[in-house]
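The block underneath contains the structure these notes are about, expressed in structure tokens.
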Amino acid sequence: MNPADSSKREVGEVLFAAGKLDAAQLDLVRRRQKRLRTPQHHAIIELGFASETETYAALAALYGLEFVDLCNYRFPPGLPDEQILPASVIHNHQVLPVALEGDTITLAFTEPPRQTELGNLRLLLNRQIHPVLTTPSCYRHVIRQHFGLGADTLQHLGEDRPAPDASADVAFQIDAGEDDARVTAGITRFVDQLLGDALRLGATDIHIEPYYAHVKIRYRVDGLMQPVKTPPGLRQVYGALVSRLKIMAGLNIAEKRLPHDGRITMKTDRADYDLRVSIIPTKHGEAVCLRILGRQSLQLELRELGLEPEQEELMRQLAALPQGLVLLTGPTGSGKTTTLYAVLANANDEGRKIITIEDPIEYQLEGIVQIQTKEDIGLTFASGLRAILRHDPDVILIGEIRDAETAEIAVRAAQTGHLVFSTLHANDSLNVVVRLLDMGVDPFPLGSALVCSIAQRLAQRVCRQCAEPDPALDQEGCRAEMARALRLPAEELRALHGRGCVECGGKGTRGRVAVYEFFVMHEAVAELLRPGVSTVQLRSAARQYGWRSLREEAWKKVQQGLIPITEVQRLTRRLQQPGLQPQLPLAVAAGPGA
């Protein structure tokens, strides 16, 4: 193995030569690698261009290492053993023992090891080291099954290190790996491990809930809650765990009767993160919810959002408009903020002034003036928006339109030479119009100001490692609906789903992709606007000018092999009232216009 030689080539080149990447994908990987300063194999996996197994097999070939699949791993007899291979070595160096023969131990690493690391392990274990490579997913699966999160830490809680200064602007250094031997044991280390583990899994939220005899920890990964195995003894030190999180968030550790809200700035060796901390009192102690906001998502390009080619071009045109109102709608956690900031990045140049008013400011953007609402002192969206209009902006972002006053000012601003982006809670892109009319917005200025409304959802992406043909395609009515929605012959349809593997945690899905529904205002549709107009009328008129429903757009993702059929049904299903409608299969009952 010669890392110096391997550095002259790239993992992407190996995958490109094997036909796993095309030239456009390789170019996007290189740009993401440079922009986020992330290893190239991480960029490939994050973009979903190759599975983790394919990528790490290519990485192993690049470094002249053997690649081993440890999906069905079992520890060799007698290991781990404090005399041969202590558990601390497994945790700190992220290795798993594969075989022990004489004085040589075969260790599976999650990243190609440096010669210095191999030398240290050789001295530490007093054995020859034969390195092989495996995937981080396999390693994490074994650790979770065998040890549970933080098992080694809870044995040494008395050695906790002192807490750093907890001012609001402190950036806490979180070790996303487990190879930093300087990190002392204790609650501080357990919190570091908890946060690092959540980041590696791509969690958006961490839920920590105390009960009478145990503590439940769950992550929200790809929109679904995922339990975390915790070692015994955590309940006894739960108070110290909450106190540590309060210190990091700059909260009062003595107050345990009232809800708390705070923020933690967090760093890893790869990226910066903001954590929104919410603490509420319960019968058995304080429950904690941490919302993870990754700043790297601010640097997403439009082509990384999951837009169809024609949608991407339309989004670029919207960002370049001199004036108009563009609204996004979708449930909480559907990626609206990420989409808005990606559009703002396209609109952000030295020739335009951009001001945002948000609650809260989830991401701090360079070159953009951002205002945090403070309703307790009268700084609301409406009052802040009036002040913004006196500040000569070109582009305005309103975090959310919540009331009639804010809606009226936003429409007026869009008519007077400003490009306005905002979000609004509605069922789909057409219901945005109905909702604004119900708020009392005058139909005539609304028809001239509103340029486009966009509905979006986040669908779970099929795991590339265990993808196989989806049998749901052959269910009654499903193939016919898909063919009708895509205007394709039934024999050309395809669909994939994941059977479940270690890489995806047995779910069959890994990561998410956005599905978008665009409604572009047309003069013929604007003439229909009046109080009481129905969504059915708007839908009928919009279809004549190219509007396609969210369900139809989701079928495109199925045809592309990106999402399973179950996601189409989950994201666009409609409830049927028993006894009033025939009980048809879900795919048929919802219909293509749902």
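Annotations for the structure displayed:
- Subset of segment 263-284 [farther than 23 Å from residue 200 by Cβ and surrounded by fewer than 19 Cβ atoms within 10 Å (Cβ to Cβ)]: 280, 281, 282, 283, 284
- Qualifying residue in segment 413-425 (condition: within 25 Å of residue 553 (Cβ to Cβ), in contact with a Phe, Trp or Tyr (Cβ under 8 Å, 6 or more places away or on another chain), surrounded by fewer than 24 Cβ atoms within 10 Å (Cβ to Cβ) and not basic (Lys, Arg)): no
- Complete set of residues in segment 95-136 that are assigned to a loop (DSSP other than H, G, I, E, B), open to solvent by 40 Å² or more (accessible area, probe 1.4 Å) and in contact with a strand residue (DSSP E or B) (Cβ under 9 Å, 6 or more places away or on another chain): 102, 103, 111, 127
- If you go through segment 472-522 and pick out every residue that is among the β-branched types (Val, Ile, Thr) and without any contact (Cβ under 8 Å) to a residue 12 or more places away in the chain, you end up with 0.
For every residue, the table says whether it meets (1) closer than 15 Å to residue 456 by Cα; (2) assigned to a strand (DSSP E or B).
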site: 306; (1), (2): yes, no
site: 313; (1), (2): no, no
site: 321; (1), (2): no, no
site: 325; (1), (2): no, yes
site: 332; (1), (2): yes, no
site: 338; (1), (2): yes, no
site: 341; (1), (2): yes, no
site: 361; (1), (2): no, no
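- Among the candidates 510, 574, 543, 539, residue that is out of contact with any Asp or Glu (no Cβ under 8 Å at 6 or more places or on another chain), among the charged types (D, E, K, R) and modelled with pLDDT under 90: 574
- Taking first residues from segment 213-230 that are at pLDDT 90 or above and partners that are among the small types (Gly, Ala, Ser) and part of a strand (DSSP E or B), the Cβ contacts under 8 Å between residues at least 6 apart in sequence or on separate chains come to 219/203; 220/203.
- Out of 401, 396, one residue alone is closer than 19 Å to residue 379 by Cβ, assigned to a loop (DSSP other than H, G, I, E, B) and among the aliphatic types (A, V, I, L, M). It is 401.
- Test: residue in segment 50-68 that is farther than 28 Å from residue 99 by Cβ, assigned to a helix (DSSP H, G or I), under 22 Å from the mean Cα position of the chain (by Cα) and not hydrophobic (A, V, I, L, M, F, W, C): no
- Considering the conditions (1) closer than 20 Å to residue 466 by Cα; (2) surrounded by fewer than 20 Cβ atoms within 10 Å (Cβ to Cβ); (3) polar (S, T, N, Q), residue 92 is excluded by exactly one of them, (1).
Listed here are the residues, each with its yes/no results for (1) farther than 22 Å from residue 408 by Cα; (2) open to solvent by 30 Å² or more (accessible area, probe 1.4 Å); (3) modelled with pLDDT under 90; (4) in contact with a Phe, Trp or Tyr (Cβ under 7 Å, 6 or more places away or on another chain).
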site: 304; (1), (2), (3), (4): yes, yes, yes, no
site: 315; (1), (2), (3), (4): yes, no, no, no
site: 320; (1), (2), (3), (4): yes, yes, no, no
site: 326; (1), (2), (3), (4): no, no, no, yes
site: 352; (1), (2), (3), (4): yes, yes, no, no
site: 367; (1), (2), (3), (4): yes, yes, yes, no
site: 379; (1), (2), (3), (4): no, yes, no, no
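- Some residue of segment 409-416 being hydroxyl-bearing (Ser, Thr, Tyr) and closer than 24 Å to residue 530 by Cα: yes
- Listing of strands (runs of 3 or more DSSP E) fully contained in segment 441-506 that carry 3 or more residues being farther than 30 Å from residue 400 by Cα: 467-469, 496-498
- Scanning segment 329-356 for residues that are hydrophobic (A, V, I, L, M, F, W, C) and farther than 24 Å from residue 428 by Cα yields 345, 347, 354, 355.
- Within segment 485-535, tally of residues that are under 17 Å from residue 563 (Cα atoms) and among the polar types (S, T, N, Q): 1
- Take the conditions (1) among the hydrophobic types (A, V, I, L, M, F, W, C); (2) open to solvent by 20 Å² or more (accessible area, probe 1.4 Å); (3) farther than 18 Å from residue 215 by Cα; (4) assigned to a helix (DSSP H, G or I); residue 248 misses just one of them, which is (2).
- Meets criteria (open to solvent by 10 Å² or more (accessible area, probe 1.4 Å), of a type in the set (Ser, Thr, Tyr) and farther than 19 Å from residue 362 by Cβ) for residue 383: yes
- Subset of segment 459-475 that is under 24 Å from residue 548 (Cβ atoms) and open to solvent by 40 Å² or more (accessible area, probe 1.4 Å) - its residue that is modelled with the lowest pLDDT: 475
- Of the set (1) farther than 22 Å from residue 314 by Cα; (2) open to solvent by 40 Å² or more (accessible area, probe 1.4 Å); (3) without any contact (Cβ under 8 Å) to a residue 12 or more places away in the chain, all apply to residue 402 but (3).
The values are calculated or read from the model by the stated rules, or taken from the named source; none is laboratory data. The structure presented is a predicted model; accordingly, all values stated were derived computationally and were not measured. Using ideal geometry, Cβ is built from the backbone for each residue, glycine included, and neighbour counts are taken over all protein chains shown. Note: accessible area is taken over every heavy atom of the protein model, side chains too, but ligands, DNA and RNA are not part of it. Shrake-Rupley method; radii C 1.70, N 1.55, O 1.52, S 1.80 Å.
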